[in-house]
Amino acid sequence: MLRPPSKGELALFCAVCPQPGVNLPPDWKERITSWMFWRYLTGNGNFKKTCVQHQAVKEKNKVKPGYDITGVVSVACARHGCFAPAGTVDLQKGERQINMDLALSEACDATKAGQTLGLRFTYDINCQYCVNFHQKVGPRKPLSIPENMALLFVIGLFHVHGHKEECLALGKLGNLSGAHSTL
Ligand SMILES: [Zn+2]
Ligand SMILES: [Zn+2]
């Protein structure tokens, strides 16, 4: 009997990235080196204008007359660029954090990030985004991420050198075991 597809079910996630129950042997946790099994996701917004550095901050709270939406924000595999199922949401008023909260929450769910070793999430404004994240997203909140999932906020190397010196610590993905040159 046919049933309507559930959220994100019509899309496939990155074929290369580890997905328990999809492309890993049942005993993957015992057999394989652990650094391979983090979930790497990246968030980014897309607007009608040309992309410029720190667009997310500059475009914040801008309403465009005549447009129902001002763009979209998406979460994708940070290694291979494959969009996460259910991880793209409309923007109504510039790139607000709540849009990314929803995209990330759905992307974690659809890519089974909670079944991996944890999530390494890159976003060009993570120095600001991570500050209030756990007050808005979590158990018993409207938006959730998998409970007890390790979560590391990172600013990609491309963006981090446009930040202040104190933000450089967030641009350390290249120093993490297994991350190598991811963004
Ligand atoms: Zn991937
Ligand atoms: Zn910064």
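The values are calculated or read from the model by the stated rules, or taken from the named source; none is laboratory data. Everything numeric in this text was worked out from a predicted model, so none of it was measured. We place every Cβ from the backbone using ideal geometry, glycine too, and count neighbours over all the protein chains shown.
See the values below:
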| quantity | calculated |
| --- | --- |
| Among (1) at pLDDT below 85; (2) away from ligand 2 (no atom under 16 Å from the Cβ); (3) surrounded by 19 or more Cβ atoms within 10 Å (Cβ to Cβ); (4) among the hydrophobic types (A, V, I, L, M, F, W, C), the one test that residue 176 misses | (3) |
| All positions within the range 85-97 that are crowded, with 16+ Cβ neighbours inside 10 Å, at negative phi and not polar (S, T, N, Q) | 85, 87, 89, 91, 95, 96 |
| Scan of the range 79-96 for residues that are within 16 Å of ligand 1 (Cβ to nearest atom) and assigned to a loop (DSSP other than H, G, I, E, B), ordered by number | 79, 80, 81, 82 |
| Residue within the range 25-43 that is modelled with pLDDT under 90, in contact with a Gly (Cβ under 7 Å, 6 or more places away or on another chain) and within 19 Å of residue 120 (Cβ to Cβ) present | yes |
| Scope the range 116-155; condition part of a strand (DSSP E or B) and touching a Gly at 6+ places or on another chain (Cβ under 8 Å); matching residues | 121, 122, 123, 151, 152, 154 |
| For residue 103: the one exception among (1) part of a helix (DSSP H, G or I); (2) small (Gly, Ala, Ser); (3) within 16 Å of ligand 1 (Cβ to nearest atom) | (3) |
| Qualifying position, being away from ligand 2 (no atom under 16 Å from the Cβ) and modelled with pLDDT under 90, among 106, 59, 95 | 59 |
| Test: residue in the range 122-142 that is within 15 Å of ligand 1 (Cβ to nearest atom), modelled with pLDDT of 95 or more and under 18 Å from residue 45 (Cα atoms) | no |
